[in-house]
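Working notes, structure below.
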Amino acid sequence: MHSFLQDVRYGLRMLAKNPGVTLVAIFTLGLGIGANTATFSLSNTFLRKPVSFPEADRLVMVLNRAPGQQGQDWSGVSPADFLEWKKAAHSFAALAGYEWRDANITGAGEPIKVQGFRVTQDFFDVLGIRAALGRGFVAGEDVPGQDSRVVLSHGLWTRQFASDPRIVGKTVKLDGHPCEVVGVMKQEANFPASADIWIPMAFSPDEKQDRKSHNVYPMARLKPGVTLKQAQAEMNAIQQRLIPLYALAETGWGVTVQDLGEFVAGYGRNYMLLMLGAVAFVLLIACANVTNLLLVRSTARQNELAIRRALGGSRARVIRQLLIESLLLGLGGSVAGLLLGAWGISLLRANMPPEVSRYIPGWNQVGLDREVFLYTLGVACAAGIIAGLVPAFQGSDSDSSEILRAGQRAGSCRSRTRLRNAFIVAEISLSLVLLVGAVLMSKGVRALFASNFKSDPQSVLTMRVSLPESKYATSRQRAVFYDRLLERIRELHEVDSATVAGVIPYGYNDDTPAFSIEGQPKQLGELRTAERNSTGPDYFRLLHVRLVQGREFNDRDTADSPRVAIVSESLAHRYWPGSSALGRHLKIGEDDSKDPWATVVGVVADLDYSPWERDLVRAVYFPYRQDPQAGSYVAIRTSADFRSVISAVKAGLSSIDPDQPVYDVLPYERVISDQILGLAYVAVVMGVLGLMALVMSAIGVSGVMAYSVTQRIQEIGLRMALGARPGDVLRLFLGGGLKLLAIGTAIGLPAAFALARLLSSLLYGVRAADFFSYASGAIVLAVVVVLGCYIPARRATRVDPMRALRYE
C-alpha cells in the first residue's frame, strides 16, 4: 500500500510537471466522459427505470398481437378475454387492466380536458403504490352505478386544485357526472405516463361479452419465482383454449407477455441504444487521442524510465507507475465529465416542452444520481487504463542500456511511429462513422418535417375537443355540435378556412381499425387496417392535399344521404391495382356488421400520419356528419395573429356549450415539431457527437504531426540544405497525413454503411445507399484532417537548415 501511494504521489508530480499535456488529456477525456455521463443518465432512466414501482422487474404487460404484427406492435385485448385471462392465469399474483378515457372536468374554475384512464379496482395494488392523500379504489367500486369515484394525479392536484390538502371527499364533475375524489397519488405514480385521473373500470353486461374491441390493456405482477418465459407459455395455452371455445372472430391473434419497462420505453429504446453506441465511439476517440499524447510523453521520458530500470526497478513496477498516471488523468477527466454531463442534462431538460416531457417515461427522474456517479467513475477508470495501457507497455519495453547510450534519439523508433499512426487511423475511421450517422439522422428528421410542411402549417392553428358521452351520446348530437362550432369559426373575418378532423398528420388521435371491402373477403390471418379519419369538406384543401381522382366531401354529404368515403392513394393501389377505386364499397368492421357500406367517391394523395411508421399509412376518410367522432381536431387557416383567433374561438365555443373546453391549442407547425422532438434531439446529439469527434481528430492529427516535425528537424534541415523547397517539405507531411486519411476512410466507410443500414430500419427518410451522406462526411473529415496536418507542416517549411543541422 505504501508503494502504491508513493506511485500516486510521484504520478501527481509528473502530471504537474507537464501542465499543458495534462490539461489537454483531462479535457479530451472529459469530453468523452461527459457525453457518456449525460447519455447514460437519460438511458438509465428511460431504459432501466422508466417506472419507479416496488419490484418493478416483476411487472409485465399482457397484450394481444394481431396477425402480421411484429416488433413493438401490440394491441389491447377485449373485455371478455381480459376477464377470462384474469380467472384462468396462475402465473400472476394479480392481473389488472386499464383503458384510455378522456374526460372534461367542470365545476373547478375554467373547464379543462384531462387524460383519464379507467382502471380495475386492483390497479394500484398491482403497481404496488399507495396514495399520498386518501386511498385508491376498493372492492365494489368496479360495479356499474357504484363507480362515481376518482383518484387524482399529483400533477393535476397541484395544477388545478392548488395542492388543496382537503381535496379528498370533495366532488368534481367529470363529463357532467359528479364524482367523489377518494385519493391523490404520489408524484412517482407515473403510469401511464400521461395520466391525470383514474376512474374505476366498471364493465357493463355488454362489455363482458365483447370479444372484438381491443381496448383493455392488462398488466400483471408475476408470482415470486415465475419467469417471463413461463408466463408466456401459460398465456399461449390459455389463448389457444379460448379460440375454439368461443369461436373467436380474431383467429390468428396471439398473446405476448412483455416486461413493463420495455413496454413503456417502446420505440425510443432503439434510439437510446444508438446514442449509447455513438457516445462510446466518442470515448474511444478520446482514448486514442490521450494514448497518442502519452506515447509522445513516454518517448520524452525514456531516459528517466531507463534509469529506473537500470537502478533495479522491475518492468511491472514501471508499468504500474505509468498506468497510475493515466488513471489519474481518467479521474481528472471524470470531474470534468460530471460537470459537462450535468450541464448537458440541464440543457436537455430546459429545452423539452412540458407538454412533451409528460409523455416521456421517467423524465422527472433524469439527473446525476448514485448510479450515474458510479458509472462515470467506472468509465473514467476504464478510459484512463485503456488510454495508458499501450504507452505503459511501450515505455517499459525498451533496453535501458541502449537508451542511455543513444539519448533522446532513441525516441524516434518506427514501432512507436506506427502505433501513433494506427491510433490516428482509428480516430479518423470512428469519426467518419459518427459524421455519416449525424448527417443521416439530420436528413431523416428534415424529411419528416418536409413531408408535412408542404401543407404550410405556419398559418394553421389547431385545437382539440373531446365531447362527453353523457351530453353527446348520439352521432347526430355530435354532428350538430361540430356544425355549430364551424359556423361560429367561419363567421370570424380573420379565418380563411376551418375544418374538423378525427386526426391530423402527426396528431395524437390515432385510430387504425380493421375494415372490410365488398367482394374481397379477408384471407386467413390477414391484418387489414387503415387510418380512420372523419373530416369536414375543407380538410384536404386546408392541408393542401392533392385530389387524385373523384371529388372531395361537400355539404350534401349529411347523415341522411348515402354513405361515402375517400381513400388514400396507397390504399387504392393496394386493393384495386390497375383499376379505379371510385364506386367501390367498404366499411369499418367486419363484412357481417350491420353498418352500411360506404361508396368511394374520391382518392387523395397519401399523408404521413406518424413519424414512427416507415411506410405511408393507408387511410379511409368519412364526412364528419356521417361519422362524427367524440374526440376531434379543429384546424383553422388564418393570416391573423393566433392569439386573437384563439380568444374568438373560445368565446364562440362558450356560447355553444360553456362546459366544453378546448385543449392542445397550438400552431400546427408546433404540433409537427413536438411529435418528432425526440428524434430531433437524437439528431442534435448525433451532430454534437460528430462535432466532438471532428475536434478531437483535428487535435490528434495536429499533435502527431507536430511531434513528427519535432522528431524530424534534422532530416528537414538536411533536405532543405540539399535544395528541397518549402513546397516539397509541405507535400512530405501533407502526404503522410493524407495517407492516414485514406486508410481511416477505407476502414470507416464499411462501418458507416452498417450504421446507415441500422438507421434506415429505424427512421423514415433514411436510405443506406445515400451517396451524399458518405461524401459530405468524408469531405468534412478530410478538410479537418488536412488542416490538422497543414499547420505543423507549414511550421516545418520555416525551419532554418543551419540551426536544424546543429539540433540535438
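Rounded to the nearest Å, what's the spacing between the alpha carbon centres of region 106-136 and region 622-654? Just the number, please. A separation of 29 Å, based on Cα centres. Per q in 0.10 Å⁻¹, report the Debye log10 I(q)/I(0) for region 471-587, using one uniform scatterer on each alpha carbon and no solvent. One equal scatterer on each Cα of region 471-587 leads to -0.38.
Peptides 777-784, 690-697 ranked from most to least packed by the mean count of surrounding Cβ atoms within 10 Å: 690-697, 777-784.
Working ranking of peptides 112-124, 150-162 by packing, defined as the average number of other Cβ atoms within 10 Å per residue, highest first, is 112-124, 150-162.
Summarising the overall dimensions of region 84-185 from its C-alpha atoms, the Rg and Dmax are 14.5, 47 angstrom. Positive-end ranking of SER163, VAL181, GLY145 along the dipole of region 140-185, with charges on Cβ about the Cα centre, is headed by SER163. Restricting the calculation to Cα atoms, region 156-286 shows an Rg/Rh of 1.09 when the hydrodynamic-style radius is the Kirkwood one.
Taking 24 Å as the straight-line reach from the Cα of LYS186, the lysines in range (excluding those fewer than 8 positions away in the same chain) are LYS49, LYS113, LYS170, LYS173. Of all DSSP bridge pairs formed entirely within region 65-200, close to 70 percent run antiparallel.
With θ taken as phi - 60° and the Karplus curve 6.51 cos²θ - 1.76 cosθ + 1.60 applied, the whole-hertz 3J(HN,Hα) list for region 725-736 is 8, x, x, 5, 5, 4, 5, 4, 7, 5, x, x Hz, x standing for glycine and proline.
With every protein chain in place and a 1.4 angstrom probe, the accessible-area ranking of LEU430, LEU347, largest first, reads LEU347, LEU430. For LYS229, a cut-off of 16 angstrom between C-alpha atoms picks up these aspartates and glutamates, skipping any fewer than 8 places away in its own chain: ASP57, ASP259, GLU262. Under the classification rounded if a/c is under 1.5, otherwise prolate if a/b is larger than b/c and oblate if not, where does region 650-697 fall, given a ≥ b ≥ c as square roots of the Cα gyration tensor eigenvalues? Prolate is the answer for region 650-697, as a/c is 1.5 or above and a/b outweighs b/c. D by Stokes-Einstein for region 524-668, Kirkwood Rh over Cα pairs, 25 °C, 0.890 mPa s: 143 µm²/s. By the gyration tensor of its Cα atoms, with a ≥ b ≥ c the square roots of the eigenvalues, what is the shape of region 33-143: rounded for a/c under 1.5, prolate for a/b over b/c, or oblate? Taking the square roots of the gyration eigenvalues as a ≥ b ≥ c, region 33-143 is oblate.
Centre-to-centre separation between the Cα atoms of region 13-39 and those of region 480-524: 57 Å.
Using a 1.4 Å probe on the protein chains only, how many percent of the accessible area of region 488-617 belongs to carbon and sulfur?
48
In region 7-67, carbon and sulfur make up what percent of the accessible area (probe 1.4 Å)? C and S atoms contribute 66 percent here.
Distance from the C-alpha centroid of region 558-610 to that of region 200-246: 33 Å, rounded to the whole angstrom.
Computed with a 1.4 Å probe on the full set of protein chains, the accessible area for LEU758 sits at about 80 Å².
Loop-located trypsin sites (Lys or Arg not before Pro) in region 427-490 (DSSP state other than H, G, I, E, B) with a sparse environment of at most 14 neighbouring Cβ atoms within 10 Å: LYS454.
With kT/(6 pi eta Rh) evaluated at 25 °C and eta = 0.890 mPa s, and Rh the Kirkwood radius from Cα pairs, region 568-626 diffuses with a coefficient of 191 µm²/s according to Stokes-Einstein. Take 219-230, 631-642 and order them by the average number of nearby Cβ atoms within 10 Å per residue, most first; the result is 631-642, 219-230.
The values are calculated or read from the model by the stated rules, or taken from the named source; none is laboratory data. Worth saying up front: this structure is predicted, and the values here are computed from it rather than measured. Every residue, glycine as well, gets a Cβ built from its backbone with ideal geometry; the counts of neighbours run over all protein chains shown. Areas reflect the complete protein model, heavy atoms only, side chains present, ligands, DNA and RNA absent. Shrake-Rupley method; radii C 1.70, N 1.55, O 1.52, S 1.80 Å.
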